[in-house]
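**Student:** Here it is, the structure, as structure tokens.
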Amino acid sequence: ISHFDIRWENYLTRFETVSVALFYKSFENPIEEVTRLGGGDEISFFNVTGATNYGVEFHGRAWLSRFFGKSMSRFYIDSNLSIIESSVELGEEADNMTSQERPLQGQSPWVVNLKLGYENLVAMTEASLLFNMAGERITKVETSGVPDVYEQPVPMLDFVYKKTIKEGYNGDKWDLKIRIKNLLDPEFESTKGDEIEKRYKKGRSIKATLEYKFPS
């Protein structure tokens, strides 16, 4: 892999920042998962000749008090948007692949990440809502005229909570952490041409941990 990026950053405060980056990545012989017809639609792996990804990334982080006043002084937003142009170079050995011009398998044309955070240093409490969504991407590369399979965009939302229950003078402490994944529980959908190949839900999950840090 060869890559480069050009980045501009502006720090509004020690915490708040705005940045824009242009990037380019070149891949040599990346591996893709290919479905071959016959014999139960066998799944195999194939090295295409090359691939390129390039685009722009925007990032910003700020306290909400900047926009809504002191009542929101413990809340902040952290956001990231990437716009990506992707293409693969297949080579002569890949003539049987259905799409001769397409993005790299698994690469979305855009990705959005948003974080709404809360931080209270006095109460030793942190919480955040994490949102993620990505554009449609190829999950199965098909051959012999069968359309490639695309996973459609779905919104993902997680919640994370952290509370220091007890902190000692010598550095030891107890932390309670709770993470709830997939709050929205959206329906995932994969399409093959004009047809829906499958629909499914992943379900929600909750994980709670109690951690102890020994004295330093």
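The values are calculated or read from the model by the stated rules, or taken from the named source; none is laboratory data. The structure presented is a predicted model; accordingly, all values stated were derived computationally and were not measured. All Cβ positions, glycine included, derive from the backbone under ideal geometry; neighbour counts span all protein chains shown. Protein only, heavy atoms only, side chains kept; ligands, DNA and RNA dropped before computing areas. Shrake-Rupley method; radii C 1.70, N 1.55, O 1.52, S 1.80 Å.
**Student:** Return the loop-located chymotrypsin sites (Phe, Trp or Tyr not before Pro) in region 1-74 (DSSP other than H, G, I, E, B) with at most 13 other Cβ atoms within 10 Å of their own Cβ; answer none if there are none.
**Tutor:** Listed in order of number, the matching sites are PHE15.
**Student:** With the dipole of region 144-203 worked out from charges on the C-beta (+1 for Lys and Arg, -1 for Asp and Glu) around the Cα centre, which of TYR150, THR191, GLY171 lies farthest toward the positive end?
**Tutor:** About the Cα centre, the residue reaching furthest to the positive side is GLY171.
**Student:** Protein chains only, probe 1.4 Å: how do THR143, THR13 rank by accessible area, largest first? Kindly include the intermediate steps, with their values, before the conclusion.
**Tutor:** Working: THR143 5, THR13 55 Å².
Heavy-atom accessible area, descending, gives THR13, THR143.
**Student:** Here's a follow-up. Report, in debye and to the nearest 20, how large the dipole of the chain comes out about its Cα centre when Lys and Arg carry +1 and Asp and Glu carry -1 on their Cβ.
**Tutor:** The dipole of the chain has a size of about 1840 debye.
**Student:** While we're here: Once you order the gyration tensor axes a ≥ b ≥ c over the Cα atoms, which shape class does the chain get: rounded for a/c under 1.5, otherwise prolate or oblate by comparing a/b with b/c? Write down the numbers at each step before the final one.
**Tutor:** Details: a/c = 2.42, a/b = 1.84, b/c = 1.32.
Taking the square roots of the gyration eigenvalues as a ≥ b ≥ c, the chain is prolate.
**Student:** Less than 15 Å Cβ to Cβ from PHE214, Lys/Arg counted +1 and Asp/Glu -1: what total charge do the surrounding residues give?
**Tutor:** Result for the local shell: -1.
**Student:** Could you run the Karplus curve 6.51 cos²θ - 1.76 cosθ + 1.60 with θ = phi - 60° over region 76-86 and give me ³J(HN,Hα) per residue in whole Hz, x for Gly and Pro?
**Tutor:** My calculation for region 76-86 gives 9, 10, 10, 10, 8, 10, 10, 10, 10, 9, 10 Hz in order.
**Student:** Quickly estimate the mean residue ellipticity at 222 nm for the chain, helices only: each DSSP H run with n ≥ 4 gives -39500 (n - 2.57), and the total goes over all residues, rounded to 500.
**Tutor:** -500 deg cm²/dmol
**Student:** Compute the signed sum of charges (Lys and Arg +1, Asp and Glu -1) over the other residues within less than 15 Å, Cβ to Cβ, of GLU9.
**Tutor:** Net of charged neighbours comes to -1.
**Student:** Right, next: Using a cut-off of 12 Å between beta-carbons, work out the net charge of the residues near GLY135 (Lys and Arg +1, Asp and Glu -1, GLY135 not included).
**Tutor:** Charge balance in the 12 Å sphere: -2.
**Student:** Further, regarding this structure: Please tell me which of these pairs span more than 22 angstrom C-alpha to C-alpha: LYS162/LYS207; LYS25/LYS192; LYS140/LYS201; LYS70/LYS213; LYS162/LYS213; LYS115/LYS140?
**Tutor:** Flagged as over cut-off: LYS25/LYS192; LYS70/LYS213; LYS115/LYS140.
**Student:** Right, next: Ignoring ligands, DNA and RNA, please state the percent of accessible area on the chain from carbon and sulfur, probe 1.4 Å.
**Tutor:** On the way: 7360 of 13550 Å².
So the carbon and sulfur contribution to the accessible surface is 54 percent.
**Student:** Loop-only check: which GluC sites (Glu not before Pro) in region 95-195 are DSSP coil with at most 13 other Cβ within 10 angstrom?
**Tutor:** GLU101
**Student:** Compute the separation of the alpha-carbon centres of region 158-192 and region 8-67 and state it in Å as a whole number.
**Tutor:** Cα centres, region 158-192 to region 8-67: 25 Å.
**Student:** What dipole magnitude, in Debye to the nearest 20, does region 98-172 give about its Cα centre under +1 on Lys/Arg Cβ and -1 on Asp/Glu Cβ?
**Tutor:** Dipole about the Cα centre, nearest 20: 120 debye.
**Student:** Let me ask another. Using DSSP to call loops (not H, G, I, E or B), can you name the trypsin sites (Lys or Arg not before Pro) in region 1-96 whose Cβ has at most 13 other Cβ atoms within 10 angstrom? Walk me through the intermediate numbers first.
**Tutor:** Numbers: sites: ARG7, ARG14, LYS25, ARG36, ARG61, ARG66, LYS70, ARG74; in loops: ARG14, ARG74.
Sites meeting the loop and neighbour criteria: ARG14.
**Student:** From the phi angles alone, apply the Karplus equation (6.51, -1.76, 1.60; θ = phi - 60°) to region 99-111 and give each ³J(HN,Hα) in whole Hz, x where the residue is Gly or Pro.
**Tutor:** Using θ = phi - 60°, the values come out as 9, 8, 10, 6, x, 5, 4, x, 9, 8, x, 7, 9 Hz.
**Student:** When ligands, DNA and RNA are left out and all protein chains stay put, how many square angstrom of accessible area per residue does the chain have with a 1.4 Å probe?
**Tutor:** That works out to 63 Å² for each residue.
**Student:** Which whole-number percent is the relative contact order of region 70-216 (Cα, under 8 Å, 6+ apart)?
**Tutor:** Reported as a whole number, the value is 18 percent.
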